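Following: one structure in structure tokens, then a few remarks.
The values are calculated or read from the model by the stated rules, or taken from the named source; none is laboratory data. What you see is a predicted model, and the numbers here were worked out from it, not measured in a lab. In this analysis, Cβ positions are derived from the backbone assuming ideal geometry, glycine residues included, and neighbour counts consider all displayed protein chains.
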Amino acid sequence: MATPNYGYEKRQRELAKKKKKEDKLRAKAEAARHGSTDAQPTHDGAPEPAGQQDTAAS
């Protein structure tokens with residue numbers, strides 16, 4: 001029986017995290033470009049509260 005390749009599994013998890021983070025940043029940039037200040041829906045379909053935006057980064 002073959003042994004698990006933990007290094008490969010870890011790399012795949014890291015790549016998935018990186019892709020998810022990049023997608024999230026891309027979505028935030030897209031929303032900012034369109035000038036939307038309303039509550040944006042998250043990936044699970046629930047809207048984020050509009051008052052929770054980070055104003056320090058602006």
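What to note about this one:
- Meets criteria (among the hydrophobic types (A, V, I, L, M, F, W, C) and either touching a helix residue (DSSP H, G or I) at 6+ places or on another chain (Cβ under 9 Å) or modelled with pLDDT of 85 or more (or both)) for Ala46: no
- Pairs, first touching a residue at least 24 places away in the same chain (Cβ under 8 Å) in the range 5-34, second small (Gly, Ala, Ser), C-beta under 7 Å, six or more apart: none
- Selection within the range 1-39: residues that are hydroxyl-bearing (Ser, Thr, Tyr) and assigned to a loop (DSSP other than H, G, I, E, B). The member of this set that is modelled with the highest pLDDT is Thr3.
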